[in-house]
Amino acid sequence: MTNSPRVGVYICHCGINIAATVDVHAVTDYAARLPNVVIARNYTYMCSDPGQALIKNDIAEHNLNRIVVASCSPRMHEPTFRAVIEEAGLNPYCLDMANIREQCSWVHPAGTMTTEKAMQLVESAVAKATRLEPLQTRQVSITPSAVVVGGGISGMQSALDLADAGFDVTIVEHAAQLGGHAAQFYKTFPTLEPAGLLVHELIDRVTTHPHINLMSEAEVTDVSGYVGNFNVRVKRNEEMTNVPAGAIIVATGFETFDPHRKPELGYGKYPQVMTTLEFEQVFNRQSQIVNPKSIVFIQCVGSRDQAIGCGDGKPQTNAYCSRVCCMVTAKQARLVREQFPNADVTVFYMDVRAFGKGFEEFYDQAREDGVMYRRGNPSEILKRGERVVVRAEDTLLGEQVEVEADLVVLAVGIKPRANSEAVAQLFKLSRSGDGFFMEAHPKLRPVETSMAGVFLAGCCQSPKDIADSISQARAAASAAMIPLMRGIVQVDAATSYIDEELCAGCGQCAAVCSFSALSLHPVRGKMTVNAALCQGCGSCALACPSKAIMVHQSTFEQVMSQVSALADWNRLSLPVEAEAV
Amino acid sequence: MTDSYEPRIIAFLCNWCTYTGADLAGTSRLQYPPNVRVVRMMCSGAVDPVYVLKPLLDGADGVLIGGCHPGDCHYQTGNYKTRRRYVAMREILKSTGLDDTRIWLRWISASEGQRFAETITEMVASLKELGPSPMRVAWAV
Ligand SMILES: Cc1cc2nc3c(=O)[nH]c(=O)nc-3n(C[C@H](O)[C@H](O)[C@H](O)COP(=O)(O)OP(=O)(O)OC[C@H]3O[C@@H](n4cnc5c(N)ncnc54)[C@H](O)[C@@H]3O)c2cc1C
Ligand code: SF4
Ligand code: SF4
Ligand code: FES
């Protein structure tokens, strides 16, 4: 470093949030005596305009080149203070923060120990700030096109929005047909609109859109690159194609729960027992049911059920609610009543969750149409002559009941596809405990993933109905458009870097990098970092036997300086009374 | 000395889970003893064994490593690497004659503020029981 560090330290009162617990004047005085500190101040609200002005003026007046702010969590105001010092002409990475609110004043009683803790946190931040290097945020231009994986309703909708905005989109669908599950349905809740109309409208638009390239019976075999510049390798009829893309939307959908896992329901054993998905197809082909007298629906098959199943000891069922089965049942029950007005239709349920727009009314109509709802969880299904018998405890009446049926329909739940693990690895996605792909934040970033530039749409993220799938698909498309429209992406500067003098080219760092960010230079024989791929996790730095690779903002020297400041309690015995600035 | 003995703990917390959980403990105003000093790391997998062992040899009473639950690491596998290193670090510590229960590894998610506060409370109690680090003898408090 050419210029020697000149540190300014700013201790915030946060009104009384910090000042009531921590002796901010004592901390200021302590900070003022630390090495390299040119000035230390405290102020009511550092993040306020006058607080910011204080920092900016000092930078100019005292020629400061490193700033420490001791205040709330850096997760709160690090961007604020980085911007402040940048406006004053400093590199934004020359800032460190001491978290003396969330991790100090709010969790400890007022007193010496708490004030001492704040002092040490400030000392640690000063030590680190002294060693911070200015860094350059880099901008990379992007490929203005997208890949959508999965051509169900979600994937098709995302692709259409992107294509309508003018971006070229490639849909990779591994089936021969577009449409996914919805293409198999007869009518849809809660409007009883024919599914065929909805799906075929989307398919027609997709197949004729000038900006959409459809690759069906195809699969993604490899993904490299990073936000703005992915390369997606697609295999189709043994032929490999490289598709460049700035953004990727994963819309691989779901599969239904396999009721073989609940052998007591007789699925696969009695031809009279089928799933709601199969029943949709029966409706589509009309002819199959001949004058049934009694039809029984069973809800929550495989959902909201923590039973431990057969043999391998793994849970065979899902703890979560699949969200659509109540309405699917109500829909099919109504359609059956309509077609066979003389048949008895019974639904066994645990609870009916009719939460969506128009759902409760739809369910009310099912009961008005004469569908009999019985609260209870069927224990088994038996054969009796040509019919089957559903045995259950009616939990409202508190008695065992038996209902004879010509047809039993199991409202099977929605679960992650069997290929989810493979897809997750391909796109470096995380999965939540239930096995669905995990969004970056459950509330604030519902369509992003932990992988920048990869977005989620539809049932691959969690069970949803068509309306919610479409909403999420459109949200994913808009989120994907942010980098695509901007044309450039900012790459975080806190990436790894190599000291070529020390690097032996052994490749141990590359072996532990989960983001394929490291590759050996073919000529120099030294490791090179692809800064756009590196996420700054620091794994490589620990793998390198010669400390040739480090992560900016978190180098061995920087962290050790913090550790030393924190491990040395001795210096604290100074009684501090001197006046604060 | 033991009466007034206050354990000195350094904690390395990953930014995405445990550090955020510690912030949540703050916003929820959950109280825990002020004996801990936090270093914010991007991932538990970036915690060099030297960061852990050096302060312990210099007289710190305990070190906590906090990371995301298995499967939840923001960088996919950092915490698995940490789990393996943790075993090795405890072995090394033992070989220096220090009690290996001075190193703690805990998975604490961003939503587990309560668990963070409880962990620190437990750790302070356990270190009080264990007594000050023998490496501290050279230090006068
Ligand atoms: C029996 C039943 C009835 C339903 N009825 C209704 C209803 O009436 N109204 C309603 O609103 N909702 C209904 N739903 C919910 C509805 O099915 C979903 O909301 C919708 O299908 C979700 O669409 P999707 O595109 O996310 O997933 P999917 O329909 O599963 O589509 C995913 C697509 O991705 C493809 N794919 C998967 N993996 C890959 C891969 N690795 N590479 C390439 N392609 C891949 C698949 O082949 C498929 O085409 C019902 C659900 C069920 C089970
Ligand atoms: S581990 Fe270190 S020495 Fe080996 S290639 Fe990576 S940076 Fe170079
Ligand atoms: S910091 Fe992490 S992502 Fe970056 S090169 Fe090292 S191991 Fe890979
Ligand atoms: S990011 Fe939390 S352990 Fe890796």
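The values are calculated or read from the model by the stated rules, or taken from the named source; none is laboratory data. None of these values were measured; they are calculated from a predicted model. For neighbour counting, all protein chains shown are included, and Cβ atoms are generated from backbone atoms with ideal geometry for every residue, glycine included. All accessible areas refer to the heavy atoms of the entire protein, side chains included, with ligands and DNA or RNA removed. Shrake-Rupley method; radii C 1.70, N 1.55, O 1.52, S 1.80 Å.
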Original post:
Are there any pairs, at least 6 apart or on different chains, whose C-beta atoms fall under 6 Å, with the first in the range B:104-121 and closer than 21 Å to B:VAL87 by Cα and the second aromatic (Phe, Trp, Tyr) and not in a strand (DSSP E or B), and if so, which?
Top reply: B:LEU105/B:TYR86; B:ILE108/B:PHE116; B:ILE120/B:TYR32
Original post:
Would the range B:112-123 turn up any residue that is modelled with pLDDT under 95, buried (at least 21 other Cβ atoms within 10 Å of the Cβ) and within 22 Å of A:CYS104 (Cα to Cα)?
Top reply: yes
**OP:** Looking only at the range A:501-552, count how many residues are over 26 Å from the mean Cα position of the chain (by Cα), within 16 Å of ligand 4 (Cβ to nearest atom) and under 19 Å from A:LEU132 (Cα atoms).
**Re:** 1
Subject >> Test result for B:ILE103, more than 8 Å from chain A (Cβ to nearest Cβ) and more than 28 Å from A:ARG431 (Cβ to Cβ) >> reply: yes
Subject >> When residues of the range A:486-510 are limited to those that are at pLDDT 95 or above and either assigned to a helix (DSSP H, G or I) or within 14 Å of another protein chain (Cβ to nearest Cβ) (or both), the one farthest from ligand 3 (Cβ to nearest atom) >> reply: A:GLN508
**OP:** Could you grab the pairs with beta carbons closer than 8 Å, sequence gap of 6+ or different chains, first residue in the range A:377-395 and not assigned by TED's automatic domain parsing to the domain that holds A:VAL290, second one in a strand (DSSP E or B)?
**Re:** none
Original post:
Out of (1) over 21 Å from A:GLY536 (Cβ atoms); (2) free of Cβ contacts under 8 Å to residues at least 40 places away in the same chain; (3) in a loop (DSSP other than H, G, I, E, B); (4) more than 7 Å from chain A (Cβ to nearest Cβ), the odd one out for B:GLY71 is which?
Top reply: (1)
Original post:
Taking into account only those residues within the range A:427-467 that are crowded, with 18+ Cβ neighbours inside 10 Å and in a helix (DSSP H, G or I), which is farthest from ligand 2 (Cβ to nearest atom)?
Top reply: A:ILE466
**OP:** Residue by residue through the range A:262-293, note down the ones that are open to solvent by 40 Å² or more (accessible area, probe 1.4 Å) and either modelled with pLDDT under 90 or aliphatic (A, V, I, L, M) (or both).
**Re:** A:ASN284, A:ARG285, A:GLN286, A:SER287, A:GLN288, A:VAL290, A:ASN291
Original post:
If a residue has to be more than 10 Å from ligand 3 (Cβ to nearest atom) and either closer than 14 Å to A:ALA504 by Cα or polar (S, T, N, Q) (or both) to count, how many in the range A:537-564 make the cut?
Top reply: 10
Original post:
Within the range A:131-152, is there a residue that is of a type in the set (Asp, Glu), within 29 Å of A:ALA567 (Cβ to Cβ) and within 14 Å of another protein chain (Cβ to nearest Cβ)?
Top reply: no
Original post:
Hey, among the residues in the range A:75-118 that are open to solvent by less than 10 Å² (accessible area, probe 1.4 Å) and within 19 Å of A:THR137 (Cα to Cα), which one's nearest to the other protein chains (Cβ to nearest Cβ)?
Top reply: A:LEU95
Original post:
So which of A:ALA70, A:ALA83 ends up being of a type in the set (Gly, Ala, Ser), under 15 Å from A:GLU102 (Cβ atoms) and assigned by TED's automatic domain parsing to the domain that holds A:LYS128?
Top reply: A:ALA70
Subject >> Criterion violated by A:TYR45 - all others in (1) open to solvent by less than 20 Å² (accessible area, probe 1.4 Å); (2) over 18 Å from A:VAL7 (Cβ atoms) satisfied >> reply: (1)
**OP:** Consider B:GLY78 carefully, then state whether it is over 28 Å from A:CYS509 (Cα atoms), at pLDDT below 95, buried (at least 16 other Cβ atoms within 10 Å of the Cβ) and touching a helix residue (DSSP H, G or I) at 6+ places or on another chain (Cβ under 9 Å).
**Re:** no
**OP:** Kindly indicate which of B:VAL87, B:VAL63 is open to solvent by less than 10 Å² (accessible area, probe 1.4 Å), modelled with pLDDT of 95 or more and more than 8 Å from chain A (Cβ to nearest Cβ).
**Re:** B:VAL63
**OP:** Among the residues of the range B:21-39, write down those that are surrounded by fewer than 24 Cβ atoms within 10 Å (Cβ to Cβ) and more than 7 Å from every other protein chain (Cβ to nearest Cβ).
**Re:** B:LEU24, B:SER28, B:PRO33, B:ASN35
